[in-house]
């Protein structure tokens with residue numbers, strides 16, 4: 001593993017915020033950095049492994065990375081993202097804003113935002129990109145102002161499966177629900193009824209967002225959680241298979257190897 005230094009990215013020693021756009025983002029090995037980072041996925045899909053815990057990337061995904069974190073990108077499919085790099089100790093912000101910034105021990109560092117919020121976020125990203133091209137005191141100050149605006153928007157625009165906002169993207173609500181309920185018996189027809197969308201449209205739109213079929217996306221979520229349990233617990237492979245939603249441990253092992261190229265035992 002290697003560490004990225006802020007000296008490689010920040011144009012001025014007084015800078016507190018800068019942007020890095022990856023369009024597309026390739027597979028990238030495990031690394032850390034001496035600055036904080038906010039990841040915003042605008043397109044495509046992939047797998048993000050944060051401190052050994054894998055997460056499925058899709059559009060509208062938000063994640064904070066602290067200097068104590070390790071992360072990497074794998075299995076990316078046309079993944080586009082914008083990284084907002086910031087030096088937390090140099091930000092001149094209201095003390096209230098600290099409540100919106102995860103700390104090193106926070107358990108809640110990632111979530112999805114609504115499409116309505118993403119439209120606002122994209123406008124802020126354009127302004128940040130514009131200001132980042134100028135290395136003046138005014139631009140550096142404006143970058144901090146825009147960063148604070150961004151932090152507030154992504155916080156209050158957090159998507160949950162319980163949201164009733166008509167502007168929410170139904171597919172993101174389905175994804176959020178699957179991320180939370182992957183261990184249940186999942187049937188596309190039942191999910192379609194639950195979210196009032198045809199199974200054909202659901203299948204097609206899940207494919208557009210995640211680059212996986214509905215069934216393969218469910219397997220991907222389950223396998224990611226199994227990977228986490230294999231690393232962090234001493235539970236048996238059979239118990240883990242049942243815990244993530246599989247009734248047959250042999251079938252689980254087959255799916256696990258398909259996605260990871262290793263058996264559960266080899267991965268552990």
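Residue 196 versus residue 28, label points 7 Å from Cα toward the beta carbon: distance in nm?
For the pair residue 196/residue 28, the computed spacing is 4.0 nm.
Taking other Cβ within 10 Å of each residue's Cβ, how do 214, 112 sort, fewest first?
Details: 214 21, 112 24.
Arranged by neighbour count, lowest to highest, 214, 112 become 214, 112.
Roughly what % of Cα-Cα distances in region 170-267 sit above 21 Å, to the whole percent?
Numbers: 1596 of 4753 pairs.
Result: 34 percent of Cα pairs exceed 21 Å.
Sorting 233, 13 on the 10 Å Cβ count, fewest up front, what's the list? Please list the in-between numbers first.
Details: 233 12, 13 8.
So the residues, fewest neighbours to most, are 13, 233.
Compute the relative contact order of region 1-115 as a whole-number percentage, counting only Cα pairs closer than 8 Å that sit 6 or more residues apart in sequence.
Numbers: 249 pairs, mean separation 37.0, N = 115.
About 32 percent, as a whole number.
What base-10 log of the normalised intensity I(q)/I(0) is obtained for region 2-156 from the Debye formula, alpha carbons as equal point scatterers, at q = 0.15 Å⁻¹?
Evaluating at q = 0.15 Å⁻¹ gives log10 I(q)/I(0) of -0.77.
Report the residue, chosen from 53, 198, 213, that carries the largest GNM mean-square fluctuation when the chain is represented by alpha-carbon nodes joined by springs under 10 Å.
Fluctuation is largest for 198.
Would you compute, from DSSP H runs of 4+ residues alone, the mean residue ellipticity of the chain at 222 nm, taking -39500 (n - 2.57) per run and dividing by the full residue count, rounded to the nearest 500? Can you show the working numbers first?
Values: 9 runs with 112 residues, N = 268.
For the chain, the value works out to -13000 deg cm²/dmol.
With both bridge residues required to lie in the chain, what share of the DSSP beta bridges run antiparallel, to the nearest 5%? Each step should come with its number before you reach the end.
Numbers: 33 of 36 bridges.
Around 90 percent of the beta bridges assigned by DSSP in the chain are antiparallel ones.
Note the listed values (1) 38; (2) 46; (3) 33, then indicate which one is percent of Cα pairs over 28 Å apart calculated from this particular structure.
Recomputing percent of Cα pairs over 28 Å apart here gives the entry labelled (1).
At R0 = 25 Å, how high is the FRET efficiency between residue 158 and residue 74 if r is their beta carbon distance? Nearest 0.05 is fine. Write down the numbers at each step before the final one.
Details: r = 25 Å, r/R0 = 1.02.
Efficiency, rounded to the nearest 0.05: 0.45.
Between residue 92 and residue 123, what length in nm is gained on full extension when 0.36 nm per residue of separation is reduced by their alpha carbon distance? Before the final figure, lay out each step's value.
Numbers: separation 31, 0.36 × 31 = 11.16 nm, distance 2.24 nm.
Contour length minus the Cα-Cα distance gives 8.9 nm.
For the chain, modelled as a Gaussian network with Cα springs under 10 Å, which listed residue fluctuates most, 215, 89, 224?
89
Compute the length gained on full extension between residue 267 and residue 7: take 0.36 nm times their separation in residues and subtract their Cα-Cα distance, giving the result in nm to one decimal. Working shown, then result.
Values: separation 260, 0.36 × 260 = 93.60 nm, distance 3.58 nm.
Residue separation times 0.36 nm, minus the Cα-Cα distance, leaves 90.0 nm.
Okay, which of region 221-257 sit inside 19 Å, backbone N to the point 7 Å along the Cα-Cβ direction of residue 52?
Answer for this model: 223-241, 244.
A short reminder: the numbers here are calculations on the coordinates, not readings from a lab. Note that the coordinates shown come from a computational prediction; the quantities given were computed from them, not determined experimentally. Because the Cβ atoms are built from the backbone with ideal geometry, glycine has one as well, and the counts that use them run over all protein chains shown.
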